[in-house]
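Enquirer: Attaching a single structure in structure tokens format; questions to follow.
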Amino acid sequence: MKTNRGANLPLAHEWVVRALVMAAMRFCVLDCATRRSLSDPPTLESPKRHFQEPCYLIATRPVRRHITDVSTSRPKWRLSHVSLALLICVALSGLSVSSIARAGVAECSAVLAGHAETVTFEASTSRHGKVKLEAMLAKPSGDRKSAALVVLHGYGGVRPPRCYEEHMERFTNWGYAALLIDSASQITSSGQRVFAYSSEDQTAHALAGAQFLANLSYIDADRLGILGWSKGGLPVFNAIAERKLHRGDRNPVFKAAVAIYPFPDCPDEVANLETNLLVVVPEEDKEIFVVGCKRMKIVGESDAAFQRKIYPGVGHVFDMSHLPNYDEEAAADAAETQRVFFARYLSR
């Protein structure tokens, strides 16, 4: 009988290993960002090339600093060495993936305090087939049917301290139910936990989340919105192109959509826009291709509104109060812009 070695570990040991996992992930991200900036820089002919390359490809090439004396330019592997060493420590610790995976939606303080609940639903993905997902569902007060938001997280899934609780509370205060989907919680039909997820996966999760919300008796299925940050921002553009196939008509699934610093870039064009769209762009963002988001165009016939809000002097995750890039003034303005936007297009 196969046993879970990690399930019997002392709690202190488990948290040590979780810390190692987080450190390894952080160094991997730093390594990827360093290689993006120091290896082949973008050119006028291909300005987006290195922003679109996956990190696992970028991490395999040595970093060469761009200095005048080429003979002194040597490959730098230090961050990769640190990442590898930390991951080996995790592997040798004997803690199973399923044990690490216990940190998720259920451990978010909003759920523990009873302000939100953990729900599960299924989504059909092209890579993994049918998967089961966890999500945090927060509801506004009152008995009336409400509009609802599908909320897509950035890199890393939903777990403390990245539970987006201040944003979820804000959405319910505005009068919306909010479903924050943990795309890193995928469990396949064979019971395998899949942490990695693509933009295509997250799009499928968003559409399944919309279906889940539409089936709830207290949700007005004709007033659904979607919002995503960073890696969760890009699937917003894909999701708004879908139709309400479950209702047999040709209306868009979402009436309003907000993409906040979508990673790695915005599409060059959005054709025949039918969902009201707001794109939030921090002008000093080093993680996304800001120029691409500034240049994005709406083409073809459009019956919907498009709004682009650019914030000078702030960078990626400027609206996350637990992170160093947080800017209180810009975050407050972005929140108010979102409130007005959703109120305009999700009202009765």
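Values quoted throughout were computed directly from the atomic coordinates according to the rules given, and no laboratory measurement underlies them. Bear in mind the structure is a predicted one, so any value in this text is a computation, not a measurement. Note: ideal-geometry Cβ built from the backbone for every residue, glycine included; neighbour counts use all protein chains shown.
Enquirer: Relative contact order for the range 267-348: what is it in percent, counting Cα pairs under 8 Å that are at least 6 residues apart? If you can, show how the numbers build up before the last one.
Expert: Numbers: 124 pairs, mean separation 24.7, N = 82.
Relative contact order for the range 267-348 comes out at 30 percent.
Enquirer: Hey, another quick one. Determine the sum of side-chain charges near D220: Lys and Arg each +1, Asp and Glu each -1, restricted to other residues whose C-beta is under 11 angstrom from that of D220.
Expert: On the way: positive: R144, K145, R223, K255, R348; negative: D222.
Once all neighbours under 11 Å are counted, the net charge is +4.
Enquirer: With +1 on each Lys and Arg Cβ and -1 on each Asp and Glu Cβ, how big is the dipole of the range 190-348 about its Cα centre, in debye rounded to the nearest 20?
Expert: Values: 17 positive and 22 negative charges, 111 e Å.
In total the dipole reaches around 540 debye.
Enquirer: Something else: With r as the distance between the Cβ atoms of R144 and Q307 and R0 = 35 Å, compute the FRET efficiency 1/(1 + (r/R0)^6) and round to 0.05.
Expert: Numbers: r = 28 Å, r/R0 = 0.79.
According to the calculation, E is roughly 0.80.
Enquirer: For H115 and A196, calculate 0.36 nm times their separation in residues minus their Cα-Cα distance, and state this gained length in nm to one decimal. Display every interim value, and only then the final one.
Expert: Numbers: separation 81, 0.36 × 81 = 29.16 nm, distance 2.84 nm.
Result for the pair: 26.3 nm of gain on full extension.
Enquirer: Output ³J(HN,Hα) for the range 187-193: one whole-Hz value per residue in order, computed from phi by the Karplus curve 6.51 cos²θ - 1.76 cosθ + 1.60 with θ = phi - 60°, and x for Gly and Pro.
Expert: Those phi angles translate into 10, 6, 5, 8, x, 7, 8 Hz.
Enquirer: What is the order of L149, L133, L224, fewest Cβ neighbours within 10 Å to most? Can you show the working numbers first?
Expert: Numbers: L149 31, L133 25, L224 28.
Going from sparsest to densest Cβ surroundings: L133, L224, L149.
Enquirer: Going down the table (K130/K255; K145/K309; K132/K231; K145/K286; K130/K231; K255/K294), which pairs top 32 Å between alpha carbons? Mind dumping the intermediate values first?
Expert: Numbers: K130/K255 26 Å; K145/K309 30 Å; K132/K231 20 Å; K145/K286 41 Å; K130/K231 22 Å; K255/K294 23 Å.
Listed pairs above 32 Å: K145/K286.
Enquirer: For the range 309-327, list residues with backbone N below 14 Å from a point placed 7 Å from the Cα of E284 toward its Cβ?
Expert: It comes to 311-319, 324-327, nothing else.
Enquirer: Just rank H322, H128, H153, fewest to most, by other beta-carbon atoms within 10 angstrom.
Expert: Going from sparsest to densest Cβ surroundings: H322, H128, H153.
Enquirer: At 7 Å along the Cα-to-beta-carbon direction for both E107 and A241, put a label point, then send me their distance in nm to one decimal.
Expert: 3.7 nm
Enquirer: Taking the highest mean first, how do the peptides 262-275, 298-311 order by number of other beta carbon atoms within 10 angstrom per residue?
Expert: Numbers: 262-275: 19.1, 298-311: 14.2.
With the highest mean Cβ count within 10 Å placed first, the list reads 262-275, 298-311.
Enquirer: Quote to one decimal, in nm, the extra length available between A332 and S347 on full extension: 0.36 nm per residue of separation minus the C-alpha distance between them.
Expert: Values: separation 15, 0.36 × 15 = 5.40 nm, distance 2.19 nm.
Gain on extension, A332 to S347, equals 3.2 nm.
Enquirer: What does the extension gain come out to for S124 and I298, with contour length at 0.36 nm per residue minus their alpha carbon separation?
Expert: Numbers: separation 174, 0.36 × 174 = 62.64 nm, distance 2.93 nm.
Length difference between fully extended and current span is 59.7 nm.
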